[in-house]
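What follows is one structure encoded as structure tokens, with my remarks underneath.
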Amino acid sequence: MTMKTIISALLLSLILVSARAQEQNAGMLSGDALARIQQMELEGKIYLYLDSLIAENYNKHLVQNKKIGGIDGYRIRIFSDNGMGAKDSQKRVRARFLSLFPEIPTYNRYEGSYYKIYVGDFRTKRDALKVMEMISKRFQDAFIVEYHILIDE
């Protein structure tokens with residue numbers, strides 16, 4: 001492997017990671033970063049030197065993610081109750097959360113007789129911990145859970 005190939009692979013990796021982080025911050029989990037980079041190359045904005053095996057493996061990764069319908073990641077559970085009025089409490093807690101953190105997506109769930117609220121779409125636990133630090137001041141019972149995040153959720 002030549003030094004040029006290694007540098008190209010590292011550059012592509014950094015671009016892909018950066019693109020994924022930007023997508024997550026915008027609340028989007030779908031999209032083909034490589035296709036966007038290649039489009040920028042066609043527009044003359046960048047020059048891309050890419051080994052065909054990297055592109056092939058990247059495309060295999062995209063196909064696999066589409067088959068499973070999402071990615072493994074993390075969410076924060078801020079509410080869980082199954083008592084009388086739990087559904088109404090769920091609505092109130094969600095409204096309060098959205099008024100405090102409108103940029104963070106929320107998900108109401110009914111699982112095994114419990115009404116629950118999950119927030120965020122985090123690829124890494126570290127990202128979830130950053131948001132958890134902000135949220136836990138207002139929602140003391142919040143905690144991080146592993147979650148399979150669906151793309152079209």
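Read the figures in this text as sums done on the coordinates, not as results from a lab. This structure is a prediction, so every number in the text was calculated from the model and none was measured. For neighbour counting, all protein chains shown are included, and Cβ atoms are generated from backbone atoms with ideal geometry for every residue, glycine included.
Report the net charge of residues surrounding Val131, where surrounding means a beta-carbon distance below 13 angstrom and charges are Lys +1, Arg +1, Asp -1, Glu -1. Kindly include the intermediate steps, with their values, before the conclusion.
Numbers: positive: Arg75, Arg77, Arg123, Lys125, Arg126, Lys130, Lys137, Arg138; negative: Glu103, Asp121, Asp127, Glu133.
Here the charged neighbours net out to +4.
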What's the local net charge at Gln90, with K and R +1, D and E -1, over the other residues with C-beta under 14 Å away? +4
